[in-house]
């Protein structure tokens, strides 16, 4: 498999929660919600396409890590899977298959639980700090005055 001839697909390309400016490359109606790299990889295997996971970040969204490289065409230049001749068709097909992924049913609840915990922590932390700042007075939220360095009158 020649690395230079493979197509790169980031999960953000297929994410319905992203805007086009944030990296979504297919219509929102065809996209799926929060795809993961391992789901993309499994769907490529299902489509009988040779693929490889790489630990790289998407430049527009650097926090989630992972992308896949997929070989669409053989050495002769013909598509390996005749149903998927190009990159766009691959992305649409992957977005169609990801909601049916076996890990989606069990993993979705875990993700929602984690997201809920994070929201509670963020909400609880904001409410706690807001009430704490209100009870200790307005002066508590002001930063400490900084000393100016150097001698007065000299430039």
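The values are calculated or read from the model by the stated rules, or taken from the named source; none is laboratory data. Since we're looking at a predicted model, the values are computed, not measured. Heads up, the Cβs are rebuilt from the backbone with ideal geometry, glycines too, and the neighbour counts pull from every protein chain shown.
Condition first: part of a loop (DSSP other than H, G, I, E, B) and out of contact with any helix residue (DSSP H, G or I) (no Cβ under 9 Å at 6 or more places or on another chain). Now tell me which residues in the range 82-99 satisfy that.
82, 85, 86
Test residue 52 against the criterion of being free of Cβ contacts under 8 Å to residues at least 60 places away in the same chain and within 16 Å of residue 94 (Cα to Cα), and give yes or no.
Against the criterion (free of Cβ contacts under 8 Å to residues at least 60 places away in the same chain and within 16 Å of residue 94 (Cα to Cα)), residue 52 qualifies.
Can we say residue 11 is modelled with pLDDT of 85 or more, surrounded by fewer than 18 Cβ atoms within 10 Å (Cβ to Cβ) and touching a helix residue (DSSP H, G or I) at 6+ places or on another chain (Cβ under 9 Å)?
no
Are there any pairs, at least 6 apart or on different chains, whose C-beta atoms fall under 6 Å, with the first in the range 32-47 and in contact (Cβ under 8 Å) with a residue 24 or more places away in the chain and on the phi < 0 side of the Ramachandran plot and the second surrounded by fewer than 19 Cβ atoms within 10 Å (Cβ to Cβ) and in a strand (DSSP E or B), and if so, which?
37/53; 37/66; 41/53
Only residues that are under 21 Å from residue 16 (Cα atoms) and crowded, with 18+ Cβ neighbours inside 10 Å: list them for the range 79-96, please.
Residues satisfying the conditions are 90, 91, 93, 94, 95.
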